[in-house]
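Colleague: Before I ask anything, let me first share the structure, which is written out below as structure tokens.
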Amino acid sequence: PVPLRWTSKYGSLTFNQLGREFPWGGLNERGLAIEALAGPAGYPVPDKRPPLGELQWVQYQLDNCRSVKEVLKSDRRVRVSKLLLDVHFLVTESSGKTAVVEFVDGRMVVHMGSRLPVRALAGESYEASLRRLDAAGDRAAGGPAAADRFIRTAAFLQDFLWPVEGILSD
């Protein structure tokens, strides 16, 4: 496939550890925010869609999309591929609509709406994080493991954000 070239529609502020146009996350002028986090990934096999490395995918979305819906629709046009790491993504827009985007067995898997009871992401699959949260019950999680961080974040969101009417509604 021919490498993808594009002109940015939206300006963005990004957080880059590896160099320009390889952001781990950022926010564009339309209020779309994306964060990449190391985690499991099974990226699609090469096909006719232009490939983007996992961090270039973040830049492409920030440059071209203004909503979660537009990010999800872009899967028809571009293919994310592993350049450096296995990652998954937390995508949110100014309205509060949020999605976790993961690539499993070569396809995009999206958690949003009722499939996203906790708007957070840790270093394991979202499904695995939910299973560990369910198994933890009311026990506090104090360790540094991804599951512990997810459980603590879920508790924080429950205690401090969810009671505020409308702050996390779709």
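The values are calculated or read from the model by the stated rules, or taken from the named source; none is laboratory data. Just so we're clear, the structure is a prediction, and the values are computed from it rather than from any experiment. Positions of Cβ are generated from backbone atoms using ideal geometry, with glycine treated the same way; all protein chains shown enter the neighbour counts. For the accessible areas, the whole protein counts, side chains as well, though only heavy atoms, and no ligand, DNA or RNA atoms are used. Shrake-Rupley method; radii C 1.70, N 1.55, O 1.52, S 1.80 Å.
Colleague: For the stretch 55-131, state which GluC sites (Glu not before Pro) are in a DSSP loop and have at most 12 other beta carbons lying within 10 Å of their beta carbon. Walk me through the intermediate numbers first.
Modeller: Details: sites: E70, E93, E102, E124, E127; in loops: E93, E124.
Passing both the DSSP loop test and the Cβ count: no residue.
Colleague: For the chain, what % of the accessible area comes from carbon and sulfur atoms, probe 1.4 Å?
Modeller: Taking all protein chains in place, the chain shows 54 percent carbon and sulfur surface.
Colleague: Still on this structure: Shape verdict for the stretch 63-131, please, from the Cα gyration tensor: rounded (a/c under 1.5), prolate (a/b greater than b/c) or oblate. Show your work: numbers first, answer last.
Modeller: Values: a/c = 1.78, a/b = 1.05, b/c = 1.69.
Note, shape of the stretch 63-131 comes out oblate.
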